[in-house]
Amino acid sequence: MGLLSEQNNPVSSLVENVLDGYSEVLRIAVPLILSTSSLTLALFVDRLMLSWHSMDDVAAATPGGITYFTICCFFQGTAQYTNTLVAQSHGAGDRLGCSKAVWQGIWLSAFSVPLIVAFIPLGRWILGNTGHEPCVVELEKQYFTILMYSGVSLPLNAALSSFFSGRGQTSYVLIGNLVGNIGNVVLDYLLIFGNFGFPELGIKGAGIATAVTNFIPTIYWAYIFLSPQYQLKYRTRREAPLNSRIFMALLKFGLPAGAQFILDVGSFTAFVLIVGKLGEIDLAATNIALSVETLSFLPMVGMSVATSAIVGEYIGRKRPDIAQKRVLCALVLALSYTALVAAFFWAAPDLLLRLFKPHQDTINNFQLLIDKGVILVRIIGAYTLFDTVFIIFNGALKGAGDTKFTMWAQVVIAWILFVPPVYIMTKYLGMGIFAAWIWMLIYVIVIGTVFWLRFRSGHWKTINVLD
């Protein structure tokens, strides 16, 4: 009777399938979205507290922090591909393959330690040649150096969390990140201002807080991963040896993913450094606007990781048709969220910007910063929907293994069509901050459209990752 009813009601069956798709995406994505949202809140509060301490601190935080992340994100992005390997192994019913994939990510993280430390002098040199105010540059270097010594936590956390996100157990990812981010906010309060007898360290305190709490999720995920229940089902303690086949697959598909990640983040780093040469007000306005942008950007990173895991699992099951439907569900959900955020950015940008006013008004023209920041936040509101399109389809293509395309697309669009024109406009044509930001709007529209067209082509369905 049920089958007959279903045959007689194709519309009802279609609606049920669509609802099942949204339900599956939400089940996997919501904990990841909450996880990255907690990071959003932690970063927002971090910048907020620094702005209360001094405008020099908040001006230095983004260049120093983004230079650190630009270097480390290559290793993180490569290790993050463990998520796809776990997802495809899980979809194929290969439990031991899931554990082996995680251990290859752990090995990759171990190999990255000396490389990350070796990049510290380069990062300090880059910051020393930005042309920013000398007092700001010194703070940027201090913040950057402290963060770099905790840089190994990024690829290691990416590998460990992939055991859970790749298998759809994303609540564990949420718990680990949530505890770490809460710890970061608490240490910020203690170390930036010197509360409860702690030393007042300003931006140094913010760096120490982040460096220490980066390892809280590491300890939690490692404990769960090696626990008896997963040792029994997945032999998580016995699959530690280096596996040449899986490790090479991680490098083959993960290195382009890591390269694409660093090219993406690096283009925004270059943008911040270029704009910073226009003056301290323009740099501070850009930094605060980008801090506000995290409210729209980082939650969608969680949706992207979920999309990648879902695509990977259905590719492992040999069902790319279902993977495509789930990606479209993820896109609709993501755009629904960012549309609301974009509307808020347009309607009341000054409400967020005024939160960053220092307790002691150390800058006489803070109103000028607000006036510029309002326009920048509205530009973000204009491009955030296209950014969401890029983020979702980027996750989908990575989940299928189409990482060489994502890398080369980033090379051409970010480093030929975006960064050089911004440099020429500001350095040689005398154009200011608004021209640079309008060009960023054009860049985001282009890259979102290109990644949508690539996904629509269906080429990703022909790629074999583990075969």
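What are the residues in region 424-437 that are surrounded by fewer than 17 Cβ atoms within 10 Å (Cβ to Cβ) and assigned to a helix (DSSP H, G or I), if any?
424, 427, 434, 435
Here's the yes/no breakdown for (1) under 21 Å from the mean Cα position of the chain (by Cα); (2) over 18 Å from residue 269 (Cα atoms); (3) assigned to a helix (DSSP H, G or I):
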| site | (1), (2), (3) |
| --- | --- |
| 103 | no, yes, yes |
| 109 | yes, yes, yes |
| 113 | yes, yes, yes |
| 122 | no, no, yes |
| 130 | no, no, no |
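So residue 301 fits all but one of (1) under 21 Å from residue 76 (Cα atoms); (2) buried (at least 23 other Cβ atoms within 10 Å of the Cβ); what number is the exception?
The single condition residue 301 does not satisfy is (2).
With the condition kept exactly as written, say whether any residue in region 60-80 is buried (at least 23 other Cβ atoms within 10 Å of the Cβ) and either among the basic types (Lys, Arg) or outside any helix (DSSP H, G or I) (or both).
No, there is no match, as no residue in region 60-80 is buried (at least 23 other Cβ atoms within 10 Å of the Cβ) and either among the basic types (Lys, Arg) or outside any helix (DSSP H, G or I) (or both).
Restricted to region 258-296, and to residues that are hydroxyl-bearing (Ser, Thr, Tyr) and buried (at least 24 other Cβ atoms within 10 Å of the Cβ), which residue is farthest from residue 422 (Cα to Cα)?
296
Identify, by number, the condition in (1) surrounded by fewer than 23 Cβ atoms within 10 Å (Cβ to Cβ); (2) within 26 Å of residue 317 (Cβ to Cβ); (3) of a type in the set (Phe, Trp, Tyr) that residue 119 doesn't meet.
(2)
Could you pull out the residue among 190, 139, 174, 154 that is over 19 Å from residue 61 (Cα atoms) and either in a helix (DSSP H, G or I) or of a type in the set (Ser, Thr, Tyr) (or both)?
That would be 174, the only listed residue that is over 19 Å from residue 61 (Cα atoms) and either in a helix (DSSP H, G or I) or of a type in the set (Ser, Thr, Tyr) (or both).
With the checklist (1) touching a Leu at 6+ places or on another chain (Cβ under 9 Å); (2) crowded, with 24+ Cβ neighbours inside 10 Å; (3) modelled with pLDDT of 95 or more in hand, flag the one item residue 97 doesn't pass.
Unmet condition: (2).
If you take the residues in region 189-229 that are among the aromatic types (Phe, Trp, Tyr) and touching a residue at least 60 places away in the same chain (Cβ under 8 Å), which one is surrounded by the most Cβ atoms within 10 Å (Cβ to Cβ)?
221
The values are calculated or read from the model by the stated rules, or taken from the named source; none is laboratory data. Being a predicted model, the structure only gives us computed values, none of them experimental. Here Cβ is always computed from backbone atoms with ideal geometry, including for glycine, and neighbour counts include all displayed protein chains.
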